[in-house]
Every structure is written in structure tokens, then in C-alpha cells.
Amino acid sequence: MVAERRRRAAEGLSGLLLRVREDGKDSVPEHPYLYETDVEISLVGGGCKSPVENFWNGSSAVYILQKAVSVQESNSMEESRTDDAVYASEVLPKENPGALALSVGRAKQLISLYTMLQNPNMTYLGTSELDVLPPLWARCDASDPRHTYWIGAEPLRAGNKVTGLNIYMVSCDGPTADKTRFANLEELRREHKIRHHSSVVTTKGFARYVLIGAAAVEGPTAESACSISVDITWNGVEKILETPPLLSAATVNIALESGDPRSPVFHLYRELQFLLALAEGLKMGVIEWPEPSESESALKLVQEFLTDLKKKLDGDCVFGSKNETEQIKCDTAAVESCMGSVFDERGDLDFTEQLWCKMRSVSSYQELIDCFTLVIKSLQRGEIQPWIHQGSSSFLSQLIQQSYHGRMEDVSLSDITPIQMLLEIGLEKMKKDYVNFFIGKSRISLLFQDYFISTSVDLQEQVNRVQKLHHMLEIMVSCTGLLNFRHENLFPLTQICMKYYKENPLNEKHVFQLPIRPALVKKFYENDNPEVWKVEISSGHGQKEVKTTWQVSTNAPVEHVTSDNSGFLLDSTVKGSSEEKLYFITMTQCSQVHFT
């Protein structure tokens, strides 16, 4: 009778797993599938964040099994979380309302059924011809003495045939700052040898240090965040929590959002925001004019600028000389003083670029029209003969070129025309600003212009690409100023960023990764505690390789983990300002089941 029930349960699970896999071929199903009234089955993959990625490095889609949530339970959970939110939300991991764990016993039953399905010898189940199923992970409630939070099963294959399974048990304790609760490396090695009957084991270490913490900068202007960490791996671990040797392999992880008022290129960010406002106004037909950033109105600045040019037309000064550009530099003197040599203001601003600098402070549509009216009348009367960069393609540049020959087409400054004219000259100016940095500091080939500063796409797409350039600039400037990166590091980092942005839309949450030598950033972490530290003990080769992983981390690696001591909240408050970190301790053990 028991065997018959297991057979029916296995057949029911088999049919559902196949259906979930089939439904997930084109896209991941939005809703979980119900098994035997108490279990939800979801397929996670296709770029979705996996709940087991912190302790399993597989790349395939996986089945996630957890307790099914009834409507009554869901409502009860919502009410409970609302009551506790004020006290616990800042220190406890945030839990997904549907992330209810199964009892460890129920999870083991499901893993057992999955094992039966994958065993080609179970012919009475009709599994001999069954395709290899994705790995399966069951979320557990840690009700056993080992505090098991996940149990997983991963098929071992030889071609299209399943030869066995890797069975994973993931346990977690903490958080704690008590290092006497940490494992002893020799004991871990000895236990691994006994469990797997191995005479030889190897060890591999991993450590992650946060070099620059992710902290939002809140203010009336913008919010931003910068996070820079380094991942270090090495072989031959000698003790728990050892500092990685300098011969390790290291990768810097950089995630940065633009808009930090402390950034040395914040003035460019504000300039970009005005450009974006113009682009949005051009698209929507309505523009929200920013507050004037200058003490004088844009109209007055343009009048003075044109008057100065008229005086110089009959004089000895050459337009675009040092005296001309000095005035532009004075406009950003405060910024320049703190920027040093990180971002140099260009000294070759032409007429349209200088005009953009004056007109960035326009505060109304009428003022915009008045400014361009002054410029066009001065050109028509021949009162100015401004210099512009070769290759400038804006409408205003075309009018200037026409003025050289004493004839200009009529211009109707109505509707979206003045907005487009200002957007065009702003785009040209900012593109040259970014090119000046990347060519000068990163020494990147002009070949990248084909994409990032192309004029063959519409204005909105050009603005999108300028946004990408600014994000790359912020990353380079941060790495230069905070990590002291030089050309040998900036060059490959810029290439990585450019490759990503040629293929993807703007994403300021993307983590860019750059391989480096640990010595480059050692001074930032050598006296610090790691955010993550783990040792991987392994034996065997190929499909017979088995691993034991012991890890400490400041963040819970299991999203549904609960504190194992009532003093957690108190400890977090008292020790929050000390150098001792609270660590979650995670152990992942692997065993194998062989079918042949």
C-alpha cells in the first residue's frame, strides 16, 4: 500500500514537473503550480534572480518547491508583517509573502520522489525514457537540529542519460559576532574525508570586501548610490577568515548611480538633466523649465555674450582664443577647484557651445525665443561672424555657415523649433565633453564614436547614448578618485562599459566587473572584515567531484532565514557602531546517489 502511494505520488509529480518545464520553454511561468494541495512549484531561470544562487553556482533553470499559501494564510502574514514592520524591518531580512518553507521531512519526501523519477532503473514508473529534468530545490523551515534551510537535487548526466544525483543540504545559523562558533578548517577537512572516503582534498577560498559602501545620498537635487567591492579567490586555504594572498585572482564589482552632489562631475550631471528635460519636452510637447542656476538671466547673459563678440569683430582678438575660453572656465570655477585633473574643462568651446553654456539657465519658453531671436538678428545683420567646429550639424550651425555668405534662410521660432535648436547644440557640446575625457584620460580609440556620438539616429536616441556616456564617465571618475585607477585599469574598464552599452539600454544598477591585481586595492581591505568569506573543500574529479562549503556573510544567504537567538536585535543596536560584524554561518554539504 505504501509503495503504491509512493508510485502515484511520483507519477503525479512527474506529470507536473514536465508540464512546468514545457510551459517555461518560451518564458518563465508567472504563477506557481500546485502539487498535492500543500506544495507550490515554480520554475526559475531566464535571467530571473534565483533564491539559491548564494550557495549553488549552476546556470540552468531550476524548480523551486515551497509551501503553498492559502488566501487566509496570506492575509494573516500581511497583517503580521504590518504589525512588526516598524520594529524589525531595518534589521531582519525582508521576506517574500509567498516564500513559506516546507517542513524538512516533507522536503526530503519530495527529493526522494524526484530521485525516483530521475532513476532510469525505475521502469515501472516509465522513467527510462524520461528527459533529464532541471535541478530541484525545496525550501525548508530549519526545524531539524542542523537548521536545514534548503535541500537540492541536481542530475548527473552522461550525454542524455542520468547516471546519478548530487544531493545538497544547506544549513544556516546566526547572525553572531562570536568567532568561537566558527568552524575549524582541519575539522572541516577531516569530516569531508570521512563522509566521502577521500584521502586527498583541495581547498579554495573566496572573500568579498566592500571598498566603497552603497549609501544613498539624499538631497533636493538627486539621489545616488555607489557600491564598489572586490571578489578574491585563491587556492590552498590555511585557516578560517585568512586574508587572501597577493597572488590571488581578483575582480572589482562596480555599481554606480549618477547624481551624487559630491561627484566632481556633478555639474555635468545637472547639465545632462537640462538636456533630458529638453528631450522630454520635444517628445511630449510640454517642458518643465528648471530653476535658473545663474544669478543673471539667460537673456542678459546672451546679450552680454553677443555684445562682447561684436566688439571683438573689429579688434585684434581671434575668436576662440584663450581670453574667450577663460570666461567659460570662470562660469564653473567652483567645480574646477575641486575637480583637479580628473575632468578638465575643454578650452576649445566654439560659438554654439558657449551659447549653450549661457542658455542653460533659460527659465521659460518665451525667454528661449528671445535668446535665439537676438542671435539670429546678429547673424543676419553681420554683426558677428562666429567660429564653429568643423562637422557641426545642428540647425544653428547651418545658419551660421549660411551667414558667412551673407544669406540666411528665414527661421520661424515657434512650436518646438527653438527647443530642438537648443537641444541640438547641447547634444553636440556634451558629446565633445565626454569624448575629451575618454580620449584624454582613458585613451580610448575614436572608433567608439561610431555608436556613442553618431548623428545618424534620431535626437531621442542620441540623448539616450549621451546618458550612457555620462554613466561611464561617472564610473571612470569614481574609480580614478576613490581607487586611484590609472590608464592600465581605466582602459579595460572603459572597454567593458562600452561593450555593455553598445548592446544594452541604460541601466545604472548593472554591476560592471573588472579583473585586477589584489595589490591594487589591498590597502582598502587589508585591515577590514570581509562581507563574505568562504572555503570550498573538494575531492574527486569530474562528475564524482563532491564539495563541502563553509561560509560566513553579513547578509543572510537564505532569504527566509530567521535569527537563532533572541538577542539579535539588541546586539545589532549595541554593536552597530563597532568594528565587529555579525555573521551568518552557512554550510553546504553535497552527497551523491549513483544509478549505474
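Of the numbered conditions (1) at pLDDT 90 or above; (2) within 14 Å of residue 16 (Cα to Cα), residue 137 fails exactly one; give the number of that condition.
(2)
Would you be able to say whether some residue in the range 523-533 is more than 22 Å from residue 153 (Cβ to Cβ), open to solvent by 30 Å² or more (accessible area, probe 1.4 Å) and outside any loop (DSSP other than H, G, I, E, B)? Full working, then the answer.
Start the filter on the range 523-533 by keeping residues that are more than 22 Å from residue 153 (Cβ to Cβ), which leaves 523-533.
Applying the additional criterion that residues be open to solvent by 30 Å² or more (accessible area, probe 1.4 Å) yields 523-524, 526-529, 531.
From the residues that got through so far, the ones that are outside any loop (DSSP other than H, G, I, E, B) too are 523-524.
Checked the range 523-533: at least one residue is more than 22 Å from residue 153 (Cβ to Cβ), open to solvent by 30 Å² or more (accessible area, probe 1.4 Å) and outside any loop (DSSP other than H, G, I, E, B).
When the range 263-281 is examined, which residues are found to be open to solvent by 30 Å² or more (accessible area, probe 1.4 Å) and farther than 23 Å from residue 225 by Cβ?
280 - this is the single residue of the range 263-281 that is open to solvent by 30 Å² or more (accessible area, probe 1.4 Å) and farther than 23 Å from residue 225 by Cβ.
Considering only residues that are charged (D, E, K, R) and part of a loop (DSSP other than H, G, I, E, B), look in the range 235-291 and name the one that is nearest to residue 417 (Cα to Cα).
First pass over the range 235-291, keeping only residues charged (D, E, K, R): 238-239, 242, 257, 260, 262, 270-271, 280, 283, 288, 291.
Next, from what is left, pick out any that are part of a loop (DSSP other than H, G, I, E, B): 238-239, 242, 257, 260, 262, 288, 291.
On the way: 238: 70, 239: 69, 242: 64, 257: 33, 260: 33, 262: 36, 288: 17, 291: 22 Å.
Result: 288.
Limited to the range 12-44, what total is found for residues that are surrounded by fewer than 20 Cβ atoms within 10 Å (Cβ to Cβ) and in a helix (DSSP H, G or I)?
So the answer is 8.
State whether the residues of the range 12-30 include one that is at pLDDT 80 or above, in the same structural domain as residue 142 (by the TED database), of a type outside the set (A, V, I, L, M, F, W, C) and within 28 Å of residue 555 (Cα to Cα).
no
Do you know which residues across the range 479-520 are open to solvent by less than 20 Å² (accessible area, probe 1.4 Å) and either touching a Leu at 6+ places or on another chain (Cβ under 8 Å) or not aliphatic (A, V, I, L, M) (or both)?
479, 483, 485, 493, 494, 497, 501, 512, 514, 518
For residue 208, only one of the following conditions fails: (1) modelled with pLDDT under 90; (2) over 18 Å from residue 426 (Cα atoms). What is its number?
With (1) modelled with pLDDT under 90; (2) over 18 Å from residue 426 (Cα atoms) applied to residue 208, the lone miss is (1).
Take the residues in the range 440-478 that are of a type in the set (Lys, Arg) and either modelled with pLDDT of 90 or more or surrounded by 12 or more Cβ atoms within 10 Å (Cβ to Cβ) (or both); name whichever of them is farthest from residue 275 (Cα to Cα). Give the steps one after another, and end with the answer.
Of the range 440-478, the ones of a type in the set (Lys, Arg) are 441, 443, 465, 468.
Next cut, either modelled with pLDDT of 90 or more or surrounded by 12 or more Cβ atoms within 10 Å (Cβ to Cβ) (or both) only: 441, 465, 468.
Details: 441: 24, 465: 12, 468: 13 Å.
Checked the range 440-478; the qualifying residue farthest from residue 275 (Cα to Cα) is 441.
Can you list residue pairs whose Cβ atoms sit under 6 Å apart, with the first residue in the range 394-410 being in a loop (DSSP other than H, G, I, E, B) and the second being open to solvent by 80 Å² or more (accessible area, probe 1.4 Å)? Count only pairs 6 or more apart in sequence or on different chains.
Pairs that qualify, where the first residue is in a loop (DSSP other than H, G, I, E, B) and the partner is open to solvent by 80 Å² or more (accessible area, probe 1.4 Å), are 408/380.
Six or more apart or on different chains, Cβ under 7 Å: which pairs go from a residue in the range 27-51 that's under 11 Å from residue 61 (Cβ atoms) to one that's assigned to a loop (DSSP other than H, G, I, E, B) and open to solvent by less than 40 Å² (accessible area, probe 1.4 Å)? Could you list them?
28/45; 43/24; 43/29; 43/61; 44/50; 44/61; 45/61; 46/61
The values are calculated or read from the model by the stated rules, or taken from the named source; none is laboratory data. Predicted model, so just to flag it, every value in this text is computed and none were measured. Every residue, glycine among them, receives a Cβ derived from its backbone with ideal geometry; neighbour counts consider all protein chains shown. All accessible areas refer to the heavy atoms of the entire protein, side chains included, with ligands and DNA or RNA removed. Shrake-Rupley method; radii C 1.70, N 1.55, O 1.52, S 1.80 Å.
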